1. Please verify whether the stretch 234-252 includes one or more residues that are assigned to a helix (DSSP H, G or I), within 24 Å of residue 163 (Cβ to Cβ) and at pLDDT 85 or above.
2. I'd like to verify a number: residues in the stretch 243-254 that are over 13 Å from residue 198 (Cβ atoms) and either touching a helix residue (DSSP H, G or I) at 6+ places or on another chain (Cβ under 6 Å) or buried (at least 23 other Cβ atoms within 10 Å of the Cβ) (or both), how many?
3. Go through the stretch 101-132 and report how many residues are modelled with pLDDT of 85 or more and either surrounded by fewer than 19 Cβ atoms within 10 Å (Cβ to Cβ) or among the hydroxyl-bearing types (Ser, Thr, Tyr) (or both).
4. Could you say whether any residue in the stretch 154-177 is under 28 Å from residue 101 (Cα atoms), buried (at least 19 other Cβ atoms within 10 Å of the Cβ) and of a type in the set (Gly, Ala, Ser)?
5. Just to confirm my filter: which helices (runs of 4 or more DSSP H) fall fully inside the stretch 55-164 and include at least 2 residues that are under 20 Å from the mean Cα position of the chain (by Cα) and free of Cβ contacts under 8 Å to residues at least 60 places away in the same chain?
6. Within the bounds of the stretch 201-223, is there any residue that is among the charged types (D, E, K, R), out of contact with any strand residue (DSSP E or B) (no Cβ under 6 Å at 6 or more places or on another chain) and assigned to a loop (DSSP other than H, G, I, E, B)?
7. Going through the stretch 193-223 one residue at a time, which ones are touching a residue at least 60 places away in the same chain (Cβ under 8 Å) and within 15 Å of residue 276 (Cα to Cα)?
Amino acid sequence: MFQFFRYSLFLAACVLLILPVVYSSGLLLSGSCLVSSDYFLFDRLSFYLIVLVVFLGIYTVIMLKVRLKVGTVSFLLLSLVFSGLCFCVNHSVLFWCFYELSMLPLLFLIFRDSPYSERFIAGWYFSVYLLVTSLPLILLMLYLSYVKGSCFISSWVFRNAPIYTYVLLSFIFFTKVPLRPFHTWLPIVHAEATRIVSIFLSGYIMKLGLLGVYRCAPFLFRGELLVYFFICCVFSICFILTAAGELDGKRWLAFLSLSHILVPFLGFFCCGFDRMSLTFLFCLGHGLSAGLVFGLLWLFYDVTNSRNWLILKGGISGKSLMFGVIFGLLSLCSFPPTLQFFCEVYLVSQSVFSILFLFFWCLYLFFGGLVPLVLCGHLLIRVEGTETSGYRIHAYILYFFFLSAWCYAGFMIL
């Protein structure tokens, strides 16, 4: 009976793996919009982000639920549901409600489930950024709805309100992404949060702010924020170099995520509206890659009881774990044929009009690929692994399989 259940779960997961490819290829539907109404808008952007929520959320909760409490699973599912609704809602007030509700369960889990001593400091960092910007966000959304005569975002005509209103609204979303100088909460929260909360934070919470900026103020990325974006580019390279000196695996990945999240913003400047979905396709690839590496850290922490890379190295024993490390870290390098690789190639081709953008790409691609690659080599050279034949890793292997399949075979949806 148990074997039957395992195979049934495997087949059901395969269906979830294949159906998005069929839809995105246009075999089931023609056009880029499945549902369009006053309250909800389900387009290709929503599609990619909801696929990310489903894959990270459902696969993580179902396959690794034996390591989670029932109450924890309930709060995680609430966050997943509200995030999925936020990705496709078209009403400004509902957008704000789902936007805030998607993060509150994770904030509660940081206080309740985290085993680390500094969890209260991390929780207060997160809550300050969340609560301080919550009231200004709803006030700006209501003001724009009043000025434009409608609460439905898709019907807004841009530039009907003062430009500083849109700039302020964008910076409120930047605190959730987060971009410089609002980035300080992310490494702290990652270091003190539980592993599954870290997966969700890097997986889809960072993309909520990105979608908010795109829905509400996309025209700002035609020149108004170019100076600010250039400053963020400089600090993006600094984040990669900072990650190179981190021994804590979760902080290491948090700094890399701070650098990688700038790529979709570069797509806002370079891509036309007809190709804007590529930036959110990059978000799908990045979220799956971050979930894959956080899953590896979860497994190695259970084996070695440490997040230090020097100690985690001792937990690599067996070909399955070695291949997991290789595929996970190479996905952070945008190694072909990952989703990020194809998106970055297109963005580089669209950046030829600017020397500054090309210079950023040269530094980003070099250091962004070098740091994970050097770490991968360090973990695999002279491994003195412990015997783990008695440790059950079947759930992890299945989890790694599906995330790796989408990281490396997801290019079929292009």
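The values are calculated or read from the model by the stated rules, or taken from the named source; none is laboratory data. Being a predicted model, the structure only gives us computed values, none of them experimental. Because the Cβ atoms are built from the backbone with ideal geometry, glycine has one as well, and the counts that use them run over all protein chains shown.
1. Here is the first cut: in the stretch 234-252, the ones assigned to a helix (DSSP H, G or I) are 234-244, 249-252.
Of the ones still in play, those that are also within 24 Å of residue 163 (Cβ to Cβ) are none.
No, the conditions are met nowhere in the stretch 234-252.
2. Here is the first cut: in the stretch 243-254, the ones over 13 Å from residue 198 (Cβ atoms) are 243-247.
With the extra rule that they be either touching a helix residue (DSSP H, G or I) at 6+ places or on another chain (Cβ under 6 Å) or buried (at least 23 other Cβ atoms within 10 Å of the Cβ) (or both), the set shrinks to 243-244, 246-247.
Within the stretch 243-254, residues that are over 13 Å from residue 198 (Cβ atoms) and either touching a helix residue (DSSP H, G or I) at 6+ places or on another chain (Cβ under 6 Å) or buried (at least 23 other Cβ atoms within 10 Å of the Cβ) (or both) number 4.
3. Summing the residues that are modelled with pLDDT of 85 or more and either surrounded by fewer than 19 Cβ atoms within 10 Å (Cβ to Cβ) or among the hydroxyl-bearing types (Ser, Thr, Tyr) (or both) in the stretch 101-132 gives 4.
4. yes
5. On the way: elements: 70-88, 92-101, 104-113, 119-132, 134-148.
Of the helices (runs of 4 or more DSSP H) lying wholly inside the stretch 55-164, those with at least 2 residues that are under 20 Å from the mean Cα position of the chain (by Cα) and free of Cβ contacts under 8 Å to residues at least 60 places away in the same chain span 70-88, 92-101, 104-113, 119-132.
6. Filtering the stretch 201-223 down to residues among the charged types (D, E, K, R) leaves 207, 215, 222.
Now narrow it down to the ones that are out of contact with any strand residue (DSSP E or B) (no Cβ under 6 Å at 6 or more places or on another chain): 207, 215, 222.
In the following step, the residues that additionally are assigned to a loop (DSSP other than H, G, I, E, B) were identified as none.
Scanning the stretch 201-223, I find no residue that is among the charged types (D, E, K, R), out of contact with any strand residue (DSSP E or B) (no Cβ under 6 Å at 6 or more places or on another chain) and assigned to a loop (DSSP other than H, G, I, E, B), so the answer is no.
7. Answer for the stretch 193-223, where residues must be touching a residue at least 60 places away in the same chain (Cβ under 8 Å) and within 15 Å of residue 276 (Cα to Cα): 207, 210, 211, 212, 214, 215, 216, 218, 219.
Conditions (1) free of Cβ contacts under 8 Å to residues at least 40 places away in the same chain; (2) polar (S, T, N, Q); (3) in contact with a His (Cβ under 7 Å, 6 or more places away or on another chain); (4) closer than 18 Å to residue 194 by Cα, marked per residue:
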site	(1), (2), (3), (4)
294	no, no, no, yes
297	no, no, no, yes
305	yes, yes, no, yes
317	no, yes, no, no
323	yes, no, no, no
327	no, no, no, no
335	yes, no, no, no
